[in-house]
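Reading through the structure tokens given below for one structure.
The values are calculated or read from the model by the stated rules, or taken from the named source; none is laboratory data. Owing to the predicted nature of the structure, the values given are computational and were not obtained by experimental measurement. Heads up, the Cβs are rebuilt from the backbone with ideal geometry, glycines too, and the neighbour counts pull from every protein chain shown. Protein only, heavy atoms only, side chains kept; ligands, DNA and RNA dropped before computing areas. Shrake-Rupley method; radii C 1.70, N 1.55, O 1.52, S 1.80 Å.
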Amino acid sequence: MQSLRKTGRNSRFRMSIDVSRGIEVSSFTKVYGKGDRARTACSKVDFSAHAGQIVGILGPNGAGKSTLLKALCGVHYPTEGSVCVCGTDDANEIRRIVGYVPEFPELDRHLTVAETLYMEAYVHGLEQNEIAEGMKKALSIADLEEVADQKVGTLSKGYAQRTSFAKALCFGPEVLILDEFSGGLDPAQTVRLRRAVKKLSEHMIVIQSTHRIEEAEQLCDYIYVMNRGTVAAKGSLDDIVRESGKGSLEEAFLSLTDRN
């Protein structure tokens, strides 16, 4: 899906965004609360991602994955360190170029699938012709044409998750972030969307956060293993297994995250 926002009132903004610069996170630290109640969710995390590969963030619950993702989506600022996405560190600009698919769909059940995509594209500033094109492509990628006029509240769990996926694509983002996105999909749907994600990663920056070993193995080209707010290991699947001295990614993950 090619970037759509190249004309109209977005043209000046688009010129400042450069996908080839990728994502660069340096010494990212996020502390919640103050004083005795302060809690460090991430500490001095270095992270990078570029188009042409799917970068996985693998870790148990509480490892800091969600905190890092929020920063990559421009939802919050780092306490220390820096987050640069496609050449910008402005949170407002980052939010305009990142498509986010949460674990649980965040959709208005009273809207149809098509209305959901229209509203998302509109609030991202697309012109009417761009909205139509973006909706058409997103519906096709997520295989939703047959339910485009159906209310979200009547959809099955799998269709709702695919609608969430299409919503993240319809405005032509430079970055796609998937947070445990396949949880509501049946096996056939999972395979189809994984193939779609692989294709999208050729020209988009794609990040997959998961705590499922098999998902990281099947989808990700490069993996960050997080534990207790820090990066415990990074590299290809083979690199992580070899450097851990274990026989599989599962065994490496257990040793790196102190899980038994």
Note: among Val101, Val45, Val113, just one is under 13 Å from the mean Cα position of the chain (by Cα) and crowded, with 20+ Cβ neighbours inside 10 Å, namely Val101
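If you scan segment 162-188, which residues turn out to be assigned to a helix (DSSP H, G or I), without any contact (Cβ under 8 Å) to a residue 60 or more places away in the chain and open to solvent by less than 20 Å² (accessible area, probe 1.4 Å)? Show your work before the answer.
Let us first name the residues in segment 162-188 that are assigned to a helix (DSSP H, G or I), namely 162-169, 187-188.
If we keep only those that are without any contact (Cβ under 8 Å) to a residue 60 or more places away in the chain too, we end up with 162-163, 166, 187-188.
Of everything in segment 162-188, those that are assigned to a helix (DSSP H, G or I), without any contact (Cβ under 8 Å) to a residue 60 or more places away in the chain and open to solvent by less than 20 Å² (accessible area, probe 1.4 Å) turn out to be Arg162, Thr163, Ala166.
When segment 66-93 is examined, which residues are found to be of a type outside the set (D, E, K, R), assigned to a helix (DSSP H, G or I) and touching a residue at least 60 places away in the same chain (Cβ under 8 Å)?
The answer is Ser66, Thr67, Leu68, Leu69, Leu72.
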Over segment 150-161, the set of residues in contact with a helix residue (DSSP H, G or I) (Cβ under 7 Å, 6 or more places away or on another chain) and open to solvent by 30 Å² or more (accessible area, probe 1.4 Å) is Gln150, Tyr159
Listed by first then second residue, the pairs whose first member lies in segment 47-65 and is within 16 Å of Glu202 (Cα to Cα) and of a type in the set (S, T, N, Q), whose partner is outside any strand (DSSP E or B) and open to solvent by less than 10 Å² (accessible area, probe 1.4 Å), with beta carbons under 9 Å and at least 6 positions apart or on separate chains, are Gln53/Ser201
Among Val83, Val45, Val113, Val75, the single one that is among the β-branched types (Val, Ile, Thr) and modelled with pLDDT under 95 is Val75
